[in-house]
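The values are calculated or read from the model by the stated rules, or taken from the named source; none is laboratory data. What you are looking at is a predicted structure, and each value in this text was computed from that prediction instead of being measured. Because the Cβ atoms are built from the backbone with ideal geometry, glycine has one as well, and the counts that use them run over all protein chains shown.
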There are 2 protein chains.
Amino acid sequence: MGSGRSTEDFEESFVTEVKNFFDSAPPLKDRSVTNEKLKEFIKQHSHAAGDGIIERKIVCITSGGTTVPLEQRCVRYIDNFSSGHRGAASTEYFLKAGYAVIFLHRRGTCQPYCRSLPDDPLLECFESTKSSKIQVQQSQAEAVTKAITDHYAAIEAGVLLKLRFTTIFEYLQLLQMIGAALKDLGPRAMFYLAAAVSDFYVPWESMAEHKIQSAGGPLNMHLVQVPKMLSVLRKEWAPRAFGISFKLETDIQILLEKASTALKKYNMHAVVANELETRKEEVTVVTSNGNFCIRRDKSDAGSDVESPLIQLLVNMHTTYIRENLQSRAASSQ
Amino acid sequence: MGSGRSTEDFEESFVTEVKNFFDSAPPLKDRSVTNEKLKEFIKQHSHAAGDGIIERKIVCITSGGTTVPLEQRCVRYIDNFSSGHRGAASTEYFLKAGYAVIFLHRRGTCQPYCRSLPDDPLLECFESTKSSKIQVQQSQAEAVTKAITDHYAAIEAGVLLKLRFTTIFEYLQLLQMIGAALKDLGPRAMFYLAAAVSDFYVPWESMAEHKIQSAGGPLNMHLVQVPKMLSVLRKEWAPRAFGISFKLETDIQILLEKASTALKKYNMHAVVANELETRKEEVTVVTSNGNFCIRRDKSDAGSDVESPLIQLLVNMHTTYIRENLQSRAASSQ
């Protein structure tokens, strides 16, 4: 009979919201093929212990922005800006640190080892010779060769699995699938959620089937909030995994405040706070042990902020695994 | 004192609307460099007459979708879906028919001669050899070589100029610039407007400066109509050019009706009517002399609908130029 909603009511309505989101989402194409591929990839890195090798750590890196369709037969959609540079760079450093990487990325965004290439590398880096053969332009030869060689080495070594999304519906269904597949790895799994995920969406069922007509004058659109899936990921999908999320704001004033709130609200291990304009120079890693400001090494023109960032997170993850194993050992004594 | 708006009032308010759109648009980057490049390109194809060569016809092909930013420091935007396949294919056929082509396209969309390549040709078509050299995969060798060779041939022959846009603001400013630059060519210029242009936008000045916050519950957005620039293009920018526009609808019922309305309203020479699901198989060309249904040759697996479409339009354009010259000659007698 009270005027406020109880925590239980809130929990219940949230569970309903999440259920509605997934129930109404258009089903994922090739779901079972993707799931098999994913399980095979994870299994491969969990069965090395018998040979005395330490089991490999696995990180799921999300990268690029999600879209929200405005029409069922999609002509128009809302997109979140993200080039995917951060996710691609981070993938390189996690691979270098010995992780196996599930690179869950937006179609067409930046790929690992390709950061320094132009937008359209095929047409911008290659040229045609007089004998109608093609060759890499001299100025681009090193970058192109390195991109292809390093990318192939990672794929062939079986340490890089690439999965693609476009819409918020595909992204969250894939994230749920990865969460379930990594659940048994406990603290050895990490989620590094760098994708720019839509906050608002038009529920599939209430969406216009056909293209919205422009003759009717101005357009008023009503979008609802996407349920905060970070919460579900941390509580249900993979509760023992190490969780890193990102906050991007254009207004520095509210950035750190929102990052700390997210840290507590979603029980993350760290939140990486980015300001749109300076995000390539510095980020702040917000943790329950305090904030760490990470800056790019300005004395090196080729340096980036991801290199020191991943170094910090890998160390934090190692500590987390050790503490987790110790507390398990202690509780089983 | 009447209740309806007079035609003059309507005209006046439309002129104001167009002026407001351009006045409030963020200025184009590298405007003068682009304008120089464009004028140089056109000049090159207008000075061949002295050698007894027939002056080249020039077509401006627009391709891909425009975006509408929702925030000034853009994190979110509304996008119109378009792969740019039609524009890329059409460019190839217009070049083959002897036209010089200004390919005004959305960044990252399909490029001429690259239609058969995978999304990410560099990583999907090349491989690394044991000696750390790179090579094209055997299965893709022909397609990749042809793409690079043909693309370079067109660029080097000076018959293909590529200009890029992302937002509706960039697109319309570039289209206006091209219109002005082609004005003097009269009927020899063609506009083939295949881009998927946003119908609604948020005026720059009324746009949120910072990222829209999601904590405030559902999002209601108010978008206004983009002024119908086809009308300005046909009346002011390049009134003697041959004009082709496109209509894409998901609902076949309203498609032909809307195409005919557009033909009359904007005084186009043809409107190409596409239905989203069948657009790669057939289109209807709506003209004042009747409708032409253009179908892909199904007996040839590699055929497309653009080949017969461009053939039809090139013939119509030739007739238009001849009639235009005859009527000029008649009126000067």
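Table: residues versus (1) among the hydroxyl-bearing types (Ser, Thr, Tyr); (2) exposed (fewer than 14 other Cβ atoms within 10 Å of the Cβ); (3) within 14 Å of another protein chain (Cβ to nearest Cβ); (4) more than 26 Å from A:LYS183 (Cβ to Cβ).
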site	(1), (2), (3), (4)
A:GLU249	no, no, yes, yes
A:LEU263	no, no, no, no
A:ASP304	no, no, no, yes
A:VAL314	no, no, no, no
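For the range A:173-190, check the following and say yes or no: at least one residue is more than 13 Å from the chain's Cα centre (by Cα) and of a type in the set (Val, Ile, Thr). No, the range A:173-190 contains no residue that is more than 13 Å from the chain's Cα centre (by Cα) and of a type in the set (Val, Ile, Thr). Failed condition for A:TYR93, given (1) aromatic (Phe, Trp, Tyr); (2) at pLDDT 95 or above; (3) in contact with a strand residue (DSSP E or B) (Cβ under 9 Å, 6 or more places away or on another chain), with all others met? Among (1) aromatic (Phe, Trp, Tyr); (2) at pLDDT 95 or above; (3) in contact with a strand residue (DSSP E or B) (Cβ under 9 Å, 6 or more places away or on another chain), the lone unmet condition for A:TYR93 is (3). In the range B:158-182, the residues that are farther than 14 Å from B:ARG234 by Cα form Cβ pairs under 6 Å with partners that are part of a strand (DSSP E or B) and of a type in the set (S, T, N, Q), at six or more places apart or across chains, as follows: B:THR166/B:THR67; B:THR167/B:THR67. Of all residues in the range B:84-116, those being hydrophobic (A, V, I, L, M, F, W, C) and touching an Asp or Glu at 6+ places or on another chain (Cβ under 8 Å) number 1. Taking the conditions exactly as written (more than 19 Å from the chain's Cα centre (by Cα) and of a type in the set (A, V, I, L, M)), does A:ALA301 satisfy them or not? Judged against the criteria, A:ALA301 is a match. Output the strands (runs of 3 or more DSSP E) that fall wholly within the range A:57-151 and possess 3 or more residues being facing another protein chain (nearest Cβ under 10 Å) and more than 29 Å from B:ILE148 (Cα to Cα), or say none. Qualifying strands (runs of 3 or more DSSP E): A:67-69, A:76-80. Residues that are modelled with pLDDT of 95 or more and in a helix (DSSP H, G or I): does the range A:20-32 have at least one? Within the range A:20-32 (the criterion being modelled with pLDDT of 95 or more and in a helix (DSSP H, G or I)), the answer is yes, since at least one residue qualifies. For the range B:267-277, the set of residues classified as touching a strand residue (DSSP E or B) at 6+ places or on another chain (Cβ under 7 Å) and away from chain A (no Cβ under 14 Å) consists of B:MET268, B:HIS269, B:ALA270, B:VAL271, B:VAL272, listed by residue number. Close Cβ contacts (under 6 Å, 6 or more residues apart or on different chains) running from residues in the range A:248-266 that are within 27 Å of A:GLU11 (Cα to Cα) to residues that are in a helix (DSSP H, G or I) comprise A:TYR266/A:LEU230; A:TYR266/A:SER231; A:TYR266/A:ARG234. Considering (1) at pLDDT 90 or above; (2) over 30 Å from A:LYS19 (Cβ atoms); (3) within 11 Å of chain B (Cβ to nearest Cβ), the lone condition that A:ARG164 does not fulfil carries the number (2). The single condition among (1) modelled with pLDDT of 95 or more; (2) under 30 Å from A:ARG234 (Cβ atoms) that A:TYR113 does not satisfy is (2). When the criteria are applied in full, B:SER132 fails the requirement of being surrounded by fewer than 21 Cβ atoms within 10 Å (Cβ to Cβ), in contact with an Asp or Glu (Cβ under 8 Å, 6 or more places away or on another chain) and modelled with pLDDT under 95. Would you confirm, using the coordinates I've provided, whether B:ILE294 is of a type in the set (Val, Ile, Thr), away from chain A (no Cβ under 14 Å), crowded, with 16+ Cβ neighbours inside 10 Å and in contact (Cβ under 8 Å) with a residue 40 or more places away in the chain? Answer is no for this residue.
Restricting the range B:281-333 to residues that are of a type in the set (A, V, I, L, M) and part of a strand (DSSP E or B), the residue that is nearest to B:ARG56 (Cα to Cα) is B:VAL285. Of the numbered criteria (1) farther than 22 Å from A:SER83 by Cα; (2) within 17 Å of the chain's Cα centre (by Cα), the one A:VAL272 fails is (1). Checking the range B:237-248 against the condition returns a match, with at least one residue being within 17 Å of the chain's Cα centre (by Cα), in a loop (DSSP other than H, G, I, E, B) and hydrophobic (A, V, I, L, M, F, W, C).
In the range A:222-242, the residue that is surrounded by the fewest Cβ atoms within 10 Å (Cβ to Cβ) out of those that are away from chain B (no Cβ under 14 Å) and among the aliphatic types (A, V, I, L, M) is A:VAL232.
All conditions in (1) among the hydroxyl-bearing types (Ser, Thr, Tyr); (2) farther than 29 Å from A:VAL305 by Cβ; (3) under 29 Å from the mean Cα position of the chain (by Cα) hold for A:THR149, with the sole exception of (2).
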